[in-house]
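Working notes, structure below.
Nothing in this text is a laboratory measurement; each read-out follows from the coordinates by a stated rule. Values in this document were obtained by computation on a predicted structure and should not be read as measured data. Note that each Cβ is placed from the backbone with ideal geometry, even for glycine, and that neighbours are counted across all protein chains shown.
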Amino acid sequence: MLMTLFATRRTRSISHTTRAVTIGMTLLLMAGCGALGNANNMPAEPEPDLSELVHTAAEQMVASNPELTRYSPMIAATFVSIDNLSQSSTLGRMSSEIMASALSRQGMQVREVKMRDSMFIEESVGELILSRQVQRLTAQHNARSILMGTYAQGQDYVYVSARVVRAGDAMVLGSADFRLPLNNNTRSLLEGQGGW
């Protein structure tokens, strides 16, 4: 009887030990799987910034029309709000500046108009191309094309559309579009137009 009691206790002890080992192994396996799962969840890539998006758009514009650079020299107008074509912001001015620079890198000759006092400049707006001035401006700067653009604010993004148009007849020679995440940096660039 003593042997039976000892055997029963020993069986229970082994059963408890086996159960504890099984639970421990299961927990280790779950922890290992969780760690592997986290290894696959790499941190999110940083959002692209304005400069990166504009340079990519300029490359696409020239790639879609390799003859674009034949329409040099080009002058650049400030990008304007699609909701009010006489209004711009720091975003519009910087988009135009960066796009002109990016197109220059792609082989486009860009004429700097800020060195002369002949282009319409309105305080806090920048160089706006007005239809009645296009012929005068292109003649004064001997430009064959004009960079123009618009932007529109959505809930999560700002949508930017850029075009290079032929000065003589306003035909679109190249275009590119991109969207910029509406984060704090973008909001700051838009504040120059009196809100975001």
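Residues whose amide H comes within less than 5 Å of that of LEU182, counting only those at least five positions distant or on another chain, are TYR157, VAL158 (H built at 1.01 Å from N in the peptide plane).
Ordering GLN153, PRO181, ALA167 by Cα displacement along the dipole of the stretch 134-188 toward the positive end leaves ALA167 in first place; charges were set at the Cβ atoms of Lys, Arg (+1) and Asp, Glu (-1).
For every other residue with a beta carbon closer than 15 angstrom to the beta carbon of TYR71, add +1 if it is Lys or Arg and -1 if Asp or Glu, then tell me the sum. Once positives and negatives cancel, what remains is +3.
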